[in-house]
1. Output the lone cysteines of the chain: those with no second cysteine's C-beta under 4.7 Å from their C-beta.
2. Using only Cα atoms and rounding to the nearest 10 degrees, what angle (0 to 90) does helix 31-45 make with the longest principal axis of the chain?
3. From zero outward in steps of 10 Å, how is the percent of C-alpha pairs of region 55-133 spread across the bins?
4. Mean-square fluctuation check for the chain, GNM, Cα pairs under 10 Å: which of PHE41, PHE11, PHE104 is largest?
5. Under 5 Å between amide hydrogens, which residues at least 5 positions from ILE100 or on another chain qualify, with H placed 1.01 Å from N in the peptide plane?
6. Can you give the angle from 0 to 90° between the axis of helix 102-131 and the longest principal axis of the chain, with both taken from C-alpha atoms, to the nearest 10?
7. Where Rh is the Kirkwood radius over the Cα pairs of the chain, the temperature 25 °C and the viscosity 0.890 mPa s, what D in µm²/s does Stokes-Einstein return?
8. Using helices alone, what [θ] at 222 nm do you get for the chain, with -39,500 (n - 2.57) per DSSP H run of 4 or more residues, divided over all residues and rounded to the nearest 500?
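Bear in mind that the values in this text are calculations on the coordinates, not laboratory data. Just so you know, these numbers come straight off a predicted model, no measurement behind them. Cβ coordinates were reconstructed from backbone atoms using ideal geometry, including for glycine residues, and neighbour counts include every protein chain displayed.
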Amino acid sequence: MRKFWEYVTVFLIGGVIYSMIEILWRGYTHWSMTLTGGACFSVLYFLHVYARRLAFWVRCVLGTIAITGAELLTGAVVNLWLGWDVWDYSDMPLNLWGQICPLFSVLWLGLCAVAAPVCKRLAGRIAKREINR
């Protein structure tokens, strides 16, 4: 049960952080991005906390691939299939269906690097909280 609450906490924190980043970046967000952000942060948390045997750069690249894939999947559903027009990268160079582009993948790589100490600190706080129970 402890792991369940750890993952729920990580998901919720990731959703809130991603939503805040998006609001700062473009002035608004969408609930689908909150869910996607929570899922992506959960992947980063796993990579940076439980897959520490992998080199740092490998964890960052895997995180970038996961985030870009989640963005493509979410975009295919919410933008292309449902027509909600949450975002559109059609004006960006080398975009794929207007849903992903290399520039944002590079930004996700930077986000993955920044997430490492955040995930480590969060894991420490969760562990400390469990010890104090």
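1. Among the cysteines of the chain, those whose Cβ sits 4.7 Å or more from every other are CYS40, CYS101, CYS119.
2. Once rounded, one gets 50 degrees.
3. Final binned percentages: 18, 35, 25, 16, 6, 0.
4. PHE104
5. none
6. Here the helix axis deviates by roughly 20 degrees.
7. 158
8. -23500 deg cm²/dmol
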